[in-house]
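The values are calculated or read from the model by the stated rules, or taken from the named source; none is laboratory data. What you see is a predicted model, and the numbers here were worked out from it, not measured in a lab. Note that we place each Cβ from the backbone using ideal geometry, even for glycine, and neighbour counts take in every protein chain shown. The area values use the complete protein model at the heavy-atom level, side chains included, leaving out ligands, DNA and RNA. Shrake-Rupley method; radii C 1.70, N 1.55, O 1.52, S 1.80 Å.
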Amino acid sequence: MKYKRNDFAKKYGLTEGKHCVYGVFNGYYVHVKYTPIGNPRCLVTVVTDASEKQKKLEKYLEANKQKLNITNFGVVRIGLMVCPKFTGEVFARAEKILEQITAFLSKENFSGADICPYCGQPLEGKGILATESDIPFEVHERCFEGALAAARRKDAENAAVPDRKALGALGGLLGALFGAAVFVLTYAWWGFGALGAAVGVLAAYFVYRKFGGKSTLFSVVYCAAAALLLSLAGFGFGIYMDGRSAGGFAAALENALAGGGATAWFIANLACTVLFIAAGTAYNAFSCLRDGRTIADKMRRLDRKE
């Protein structure tokens, strides 16, 4: 029988949330989030005061990546996050990972759910349930309010950084050009270059931000348009190269539209180009929405409505 999220939650008395379960597991606050189309698809978090033992924890996770069956990990001041490999059932895998990690934490005297991860002092029943990075755990009220105030100051500093649209647009153009080059090369090799469109729209958005442009609706639309236009230009160049020895671009295009297999292949390239641009743009839009959530937006008190 498949080991589902609610089976895992019931077994350990955990709370089910949107795409996740959270609560106390073997003495530690944990959070397991699984979204089939997410990036990462699964993220397992354990909350502990790691401020003085961060290097030790990183060393343990690095040395035991194969044993734990994880692909990546991160350690911050208030805990650790790992990404499981997708072998077997997700929550059965998460359960085994948590068993091993919490056993190590307990053995090495890392603080558990009865200690505030911010200040390292006992909660003594006086904690509140709050979230950081959407991960629920108990903290002292004063510690959470202080951390929230610091996060708001940091968000204000980030918001004051100028949006370098012109440089971002240049970066987006370069990313889209790279995608067009991939389009031309793959079209020359295999007769199918639409994958270059996917590369172009993703690279355009990535380089746009690297050049100082902020994640906005404009950046998403601009990168989509640049990638689409340059991918179509790459497609046109590929057709021109096909027709050099047979009457040039016009002859090659006429042949592609004459019916039969050539036309079907032409339509497949064109349709997949548009489809991949749309898929890449949807991913960029999702990233834009995610980036729009500030540090403070991911910090909430769960003991009261705000």
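Matching residues to (1) over 38 Å from the mean Cα position of the chain (by Cα); (2) over 16 Å from VAL182 (Cα atoms); (3) open to solvent by less than 30 Å² (accessible area, probe 1.4 Å); (4) modelled with pLDDT of 60 or more:
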| site | (1), (2), (3), (4) |
| --- | --- |
| TYR222 | no, yes, no, yes |
| LEU229 | no, no, no, yes |
| GLY234 | no, no, yes, yes |
| MET241 | yes, no, no, yes |
| ARG244 | yes, yes, no, no |
| GLU254 | yes, yes, no, yes |
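Residues of the range 126-158 being open to solvent by 30 Å² or more (accessible area, probe 1.4 Å) and either on the phi > 0 side of the Ramachandran plot or free of Cβ contacts under 8 Å to residues at least 60 places away in the same chain (or both), which ones?
Residues of the range 126-158 open to solvent by 30 Å² or more (accessible area, probe 1.4 Å): 126, 129, 132-134, 138, 141-142, 145-146, 149-150, 152-154, 156-158.
Passing the criteria: LYS126, SER133, ASP134, GLU141, ARG142, GLU145, GLY146, ALA149, ALA150, ARG153, ALA156, GLU157.
Please go through the range 193-205 and pick out each residue that is of a type outside the set (Phe, Trp, Tyr), open to solvent by less than 10 Å² (accessible area, probe 1.4 Å) and in a helix (DSSP H, G or I). Spell out the reasoning first.
Initially, the range 193-205 is screened for residues of a type outside the set (Phe, Trp, Tyr), giving 193-204.
After this cut, where a residue has to be open to solvent by less than 10 Å² (accessible area, probe 1.4 Å) as well, the list is 193-194, 196-197, 200-201, 204.
Listed by number, the residues that qualify are GLY196, ALA197, GLY200, VAL201, ALA204.
Across the range 139-160, what is the number of residues that are of a type in the set (Asp, Glu) and under 17 Å from CYS116 (Cα atoms)?
Step one: filter the range 139-160 for residues of a type in the set (Asp, Glu), giving 141, 145, 155, 157.
Subset that is under 17 Å from CYS116 (Cα atoms): 141, 145.
So the count comes out to 2.
Which is crowded, with 19+ Cβ neighbours inside 10 Å, under 25 Å from LYS107 (Cα atoms) and in contact with a His (Cβ under 6 Å, 6 or more places away or on another chain), of TYR28, TYR22?
On the way: TYR28 fails: in contact with a His (Cβ under 6 Å, 6 or more places away or on another chain).
After applying the criteria, what remains is TYR22.
List the helices (runs of 4 or more DSSP H) inside the range 85-192, counting only whole elements, that have at least 2 residues being charged (D, E, K, R) and over 29 Å from PHE237 (Cβ atoms).
Values: elements: 90-107, 141-160, 165-190.
In the range 85-192, 90-107, 141-160 are the helices (runs of 4 or more DSSP H) which contain 2 or more residues that are charged (D, E, K, R) and over 29 Å from PHE237 (Cβ atoms).
When LYS56 is evaluated against the numbered criteria (1) surrounded by 17 or more Cβ atoms within 10 Å (Cβ to Cβ); (2) farther than 17 Å from CYS20 by Cα, which criterion, by number, is the only one it fails?
The number of the failed condition is (1).
Given the structure, is GLY172 touching a helix residue (DSSP H, G or I) at 6+ places or on another chain (Cβ under 7 Å), open to solvent by less than 50 Å² (accessible area, probe 1.4 Å) and within 13 Å of ASN284 (Cβ to Cβ)? Spell out how you get there, then give the answer.
Details: touching a helix residue (DSSP H, G or I) at 6+ places or on another chain (Cβ under 7 Å): yes; open to solvent by less than 50 Å² (accessible area, probe 1.4 Å): yes; within 13 Å of ASN284 (Cβ to Cβ): yes.
Considered against the rule, which asks whether it is touching a helix residue (DSSP H, G or I) at 6+ places or on another chain (Cβ under 7 Å), open to solvent by less than 50 Å² (accessible area, probe 1.4 Å) and within 13 Å of ASN284 (Cβ to Cβ), GLY172 comes out as yes.
Restricting the first residue to the range 68-86 and requiring it to be closer than 14 Å to VAL30 by Cα and among the small types (Gly, Ala, Ser), which pairs with a second residue that is open to solvent by less than 60 Å² (accessible area, probe 1.4 Å) and modelled with pLDDT of 90 or more meet a Cβ separation below 7 Å and a spacing of at least six or different chains?
Short answer, once both residue conditions are applied: GLY79/THR45; GLY79/VAL46; GLY79/VAL47; GLY79/THR48; GLY79/PRO117.
Can you list the helices (runs of 4 or more DSSP H) lying wholly within the range 1-72 that have 3 or more residues being of a type outside the set (D, E, K, R) and on the phi < 0 side of the Ramachandran plot? Full working, then the answer.
Details: elements: 5-12, 54-63, 65-68.
Output list reads 5-12, 54-63.
When the range 28-68 is examined, which residues are found to be more than 21 Å from PHE144 (Cβ to Cβ) and small (Gly, Ala, Ser)?
GLY38, ALA63
Need the failing condition index for GLY120 against (1) in contact with an Asp or Glu (Cβ under 6 Å, 6 or more places away or on another chain); (2) on the phi > 0 side of the Ramachandran plot; (3) crowded, with 17+ Cβ neighbours inside 10 Å, just the number.
(3)
Out of all the residues in the range 270-290, which are surrounded by 13 or more Cβ atoms within 10 Å (Cβ to Cβ) and farther than 14 Å from ALA225 by Cα?
First, the residues of the range 270-290 that are surrounded by 13 or more Cβ atoms within 10 Å (Cβ to Cβ): 270, 272-288.
LEU270, CYS272, TYR283, PHE286, SER287, CYS288 - these are the residues of the range 270-290 that are surrounded by 13 or more Cβ atoms within 10 Å (Cβ to Cβ) and farther than 14 Å from ALA225 by Cα.
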